[in-house]
Amino acid sequence: MRIDVMEDTCSEAHARPVFRGVWPVAITPFRPDGAIDEAASCELIDWYVEKGVHGLFVNCYASEMSELTPEERLAITRSAVECAAGRIGVVSTGSFGETLDEHAEFAKRVAGCGVDAVILTPPAFCRDDDDDLLSYFLEMAARVPCMLGIYECPTPSPKKLLPVAMVAQLAESGRYGPFKETSCDIDTIRRKVEVSAGSPLAVLQASSPLLPDAMAAGTPGFMGPGATVAPELAVRIVRNVEAGVDVGRDHQLLCLTNSLITHGYWPAMKFILGMRGLSLGYTCRAESTGAFESYQLIVEKGWALLEDEIVRS
């Protein structure tokens, strides 16, 4: 079933981006007092543009979205769109609330920030029933006049992976674009690519270890945390896979970088970005920086070993 867009309330400042290439998942910088640091956010976006990424996913799991108020979610989304200024695409999660009505209203507010797509996660109130979940996605498409996207978010746990048949129906609707796919299974990825062929739906899978194989299977890009701290490396891998150039060494570096992030995740990403010269600090709301201190030396020494090869031109 194809669902038409009424009046697109997403970004009109620049042409809608093709959802391909490298889309880092964005962290949210906080000042030591816990307030959002908008200046640091803009500095980070400028840095991503310099590194050649194609877009940015803000207000996501990496952004500590569950720890933000509704107004803060809108604020970081609006700020990202303004700072990106059409140089790269911006997408943001819009599925918050306890009911479909609340999700639709908040998604419209996110769309009004000028994003290139509003991302939806499987909501708790219907994620255990595939028929209800499909109805949710189709009803959101009917209510929200904007390009939409999908995010197989790790929370609530266990995460909900969309069945291939559902992906096919959402692709057929013509209303879904970026799809952050997190199955970490190459056969599943390949099937989702196949059923979405010829539609706007773009499978931007999140697994660093699977990146070359996933692109060989037809995925148009990458939306994983490895790109958050080493965007130029992810860009290089995607470009070289498309050109048929061997990426063996670079792929190893990306996987090792990804392993560093597992030591703390939010503070680890912020700490590495700080080592890269960005003025972020590593204050988090989702995890205490004190808990990260036991891993800090591992991350510091690991990044120092990898950095020279990762940032080579």
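Only the coordinates and a few stated rules stand behind these numbers; no lab work does. Computed from a predicted structure; not experimentally measured. Virtual Cβ from ideal backbone geometry, glycine too; neighbours counted across all protein chains shown.
Which ranges mark the helices (runs of 4 or more DSSP H) fully within the range 131-249 that have 3 or more residues being more than 19 Å from V91 (Cα to Cα)?
Per the criteria, 164-173, 186-196, 211-216, 231-243.
So, in the range 67-82, how many residues would count as being surrounded by fewer than 17 Cβ atoms within 10 Å (Cβ to Cβ) and within 26 Å of G221 (Cα to Cα)?
Total satisfying the criteria: 1.
For the range 280-297, what are the residues that are small (G, A, S) and either in a loop (DSSP other than H, G, I, E, B) or touching a residue at least 40 places away in the same chain (Cβ under 8 Å) (or both)?
Within the range 280-297, G281, A286, S288 qualify.
Report yes if V229 is over 18 Å from T262 (Cβ atoms), crowded, with 24+ Cβ neighbours inside 10 Å, of a type in the set (A, V, I, L, M, F, W, C) and in contact with a Leu (Cβ under 9 Å, 6 or more places away or on another chain), otherwise no.
Criteria not met by V229.
To keep it simple, each residue is scored yes or no on (1) over 26 Å from D46 (Cα atoms); (2) in contact with a helix residue (DSSP H, G or I) (Cβ under 7 Å, 6 or more places away or on another chain); (3) touching a residue at least 24 places away in the same chain (Cβ under 8 Å); (4) not aromatic (F, W, Y).
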{"residue": "S79", "(1), (2), (3), (4)": "no, yes, yes, yes"}
{"residue": "A84", "(1), (2), (3), (4)": "no, yes, yes, yes"}
{"residue": "I88", "(1), (2), (3), (4)": "no, yes, yes, yes"}
{"residue": "T93", "(1), (2), (3), (4)": "no, yes, yes, yes"}
{"residue": "L100", "(1), (2), (3), (4)": "yes, yes, yes, yes"}
{"residue": "E105", "(1), (2), (3), (4)": "yes, no, no, yes"}
{"residue": "G112", "(1), (2), (3), (4)": "no, no, yes, yes"}
{"residue": "I119", "(1), (2), (3), (4)": "no, no, yes, yes"}
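Please state which of the following conditions G226 fails to meet, knowing it meets all the rest: (1) among the small types (G, A, S); (2) farther than 24 Å from M147 by Cβ; (3) in contact (Cβ under 8 Å) with a residue 40 or more places away in the chain.
The number of the failed condition is (3).
For the range 193-248, give me each residue that is touching a Pro at 6+ places or on another chain (Cβ under 7 Å) and farther than 16 Å from H54 by Cβ.
V247
Return the residues of the range 93-151 that are crowded, with 22+ Cβ neighbours inside 10 Å and among the charged types (D, E, K, R); say none if nothing qualifies.
Result: D116, single match.
Please determine whether any residue of the range 61-82 is of a type in the set (S, T, N, Q) and outside any helix (DSSP H, G or I).
Among the residues of the range 61-82, at least one is of a type in the set (S, T, N, Q) and outside any helix (DSSP H, G or I), which makes the answer yes.
With respect to G277, determine if the residue is in a loop (DSSP other than H, G, I, E, B), free of Cβ contacts under 8 Å to residues at least 24 places away in the same chain and out of contact with any Leu (no Cβ under 7 Å at 6 or more places or on another chain).
Answer is yes for this residue.
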